[in-house]
């Protein structure tokens, strides 16, 4: 008899003797339970966030968001590189006889080139208040600006021509965006306010502390802004008696906006609308506390084509208030910089008292037209810069085999972060984007953007109180998370969330409220190691 059989026999004999000596049936039948297997989500080991467009050479680079999609044709790559040049082109005041192709800046604006708001194709630097100071005045370094509008008398439910498709109501003589910078003689009082735009904008912060059950604490900061010295009432502030400025009235709504990363945008536009709408849950039918809604917005591309109902699903912007990369890019070119183009041929402040006075006072021919009566940039510039934004590569994930990252992926699903940050989509295989032919590089790609592109109420803590088309003052579009771990590699001064308030991903999570409050509370209840695992996963994206 071999040793194995001796051991088994001894064990059996011991069992019989134990039973015969009064052992219970419960003891005899006791079986050690088998541990439940740990299940990891499908995306745990994924690296190709952008499908075949993904770049694997961006991990430790300050230019990690600036790589062309790796599956472009030679012709497409040439167009992309031309767009790259235009994206960084800085415009000048009109007239510029030596370089007329560069003139047309402003006359009021937020920045002089696209890259200034999207530094290295990522997020801009968050303005900092210097030690000993209580606030900072926004100047040329700011990639952040204010959206403005008048409060409506009632909530807009469905857009049509009679209500301007639920678009925000412009502030009289100011418009829908506050331009804090201006060319030399932009204002009637330009001798005292050189290079000032519609008004001065100041930023300060208030802070609060969040404590975890384990005793550790995180300091959160919230930006506060003050608008002063408007051009229509120089020197006025909200504290002035008998306010006369249109901008400082009580019915004017204002909301910070932070420049977003611009990579992977073509892939997001290439997702079929029906696939996005599958995630609608306006009445929270599944009872998870999350009520995804769609924003339907005015579409300038459809309007230019003569569409009788120029409205499309919003996909881009912090409140999903633009429908395509073309509208987003060319709208920003005209709005943020003041450069008219074939899609937006009129100055953003056309017809305002400021613009009329500027033209009369200076005699400059800065009506938004070049010397030939065309917009300040033409189709070649516009098409190239749009294609550039459509075809920037998504960076590959990193560190996916590390245990902390894998556990973080599991917790990300367990916390139901995927209720809004939907992991994956597959892009459509035919059709157009932005009214133009779609690049073959974007078609049929399995992508992992971690967004549903829909609206969610994020609570009062993040609310700006300013509706935008169908989006309420509390609602925001789910931010795509791909590439988020490289944000501060690309720009160490970048912040997170719509106004840059969060210096870290942990802070960003702690600001989540409303529909995300249940997930946020579950994150707070995790152990310190588990919280670090969630952050490690996010940093791998």
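The values are calculated or read from the model by the stated rules, or taken from the named source; none is laboratory data. From a predicted model like this one, the values you see are computed outputs, not experimental measurements. So basically every Cβ, Gly included, is an ideal-geometry build from the backbone, and we count neighbours across all protein chains shown.
So here's what we get for this one:
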| read-out | value |
| --- | --- |
| Residue within the stretch 516-526 that is surrounded by fewer than 17 Cβ atoms within 10 Å (Cβ to Cβ), closer than 25 Å to residue 40 by Cβ and either within 20 Å of the chain's Cα centre (by Cα) or without any contact (Cβ under 8 Å) to a residue 60 or more places away in the chain (or both) present | yes |
| Residues being closer than 12 Å to residue 269 by Cα and touching a strand residue (DSSP E or B) at 6+ places or on another chain (Cβ under 6 Å) - total across the stretch 325-345 | 1 |
| Subset tally (residues that are in a loop (DSSP other than H, G, I, E, B) and either in contact with a strand residue (DSSP E or B) (Cβ under 7 Å, 6 or more places away or on another chain) or surrounded by 13 or more Cβ atoms within 10 Å (Cβ to Cβ) (or both)) for the stretch 142-156 | 5 |
| Residue within the stretch 189-199 that is within 14 Å of residue 469 (Cα to Cα) and either without any contact (Cβ under 8 Å) to a residue 40 or more places away in the chain or touching a strand residue (DSSP E or B) at 6+ places or on another chain (Cβ under 9 Å) (or both) present | no |
| Residue 459, sole failed condition from (1) in contact with a strand residue (DSSP E or B) (Cβ under 8 Å, 6 or more places away or on another chain); (2) at positive phi | (1) |
| Residues that are crowded, with 21+ Cβ neighbours inside 10 Å, touching a strand residue (DSSP E or B) at 6+ places or on another chain (Cβ under 9 Å) and more than 17 Å from residue 313 (Cβ to Cβ), drawn from the stretch 421-441 | 439 |
| Boolean, residue 361 is more than 20 Å from residue 262 (Cα to Cα) and either part of a helix (DSSP H, G or I) or at pLDDT 95 or above (or both) | yes |
| The stretch 270-305, residues that are under 30 Å from residue 178 (Cβ atoms) and surrounded by fewer than 24 Cβ atoms within 10 Å (Cβ to Cβ) | 293, 294, 296, 298, 300, 301, 302, 303, 304 |
| Matching option when the condition is touching a strand residue (DSSP E or B) at 6+ places or on another chain (Cβ under 9 Å) and part of a helix (DSSP H, G or I), among 383, 464, 366 | 383 |
| Residue among 351, 331, 373 that is closer than 21 Å to residue 90 by Cβ and either in contact (Cβ under 8 Å) with a residue 12 or more places away in the chain or outside any helix (DSSP H, G or I) (or both) | 331 |
| Residue tally, condition part of a strand (DSSP E or B) and within 20 Å of residue 202 (Cβ to Cβ), over the stretch 157-185 | 5 |
| Where residue 32 falls short, out of the listed (1) under 30 Å from residue 392 (Cα atoms); (2) out of contact with any strand residue (DSSP E or B) (no Cβ under 8 Å at 6 or more places or on another chain); (3) modelled with pLDDT under 95 | (1) |
| Unmet requirement for residue 489, which otherwise passes all of (1) touching a residue at least 60 places away in the same chain (Cβ under 8 Å); (2) within 25 Å of residue 315 (Cα to Cα); (3) not in a loop (DSSP other than H, G, I, E, B) | (2) |
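Yes or no, residue by residue, for (1) more than 23 Å from the chain's Cα centre (by Cα); (2) at positive phi; (3) part of a loop (DSSP other than H, G, I, E, B):
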| residue | (1), (2), (3) |
| --- | --- |
| 61 | no, no, yes |
| 65 | no, no, yes |
| 75 | yes, no, no |
| 80 | no, no, no |
| 101 | yes, no, no |
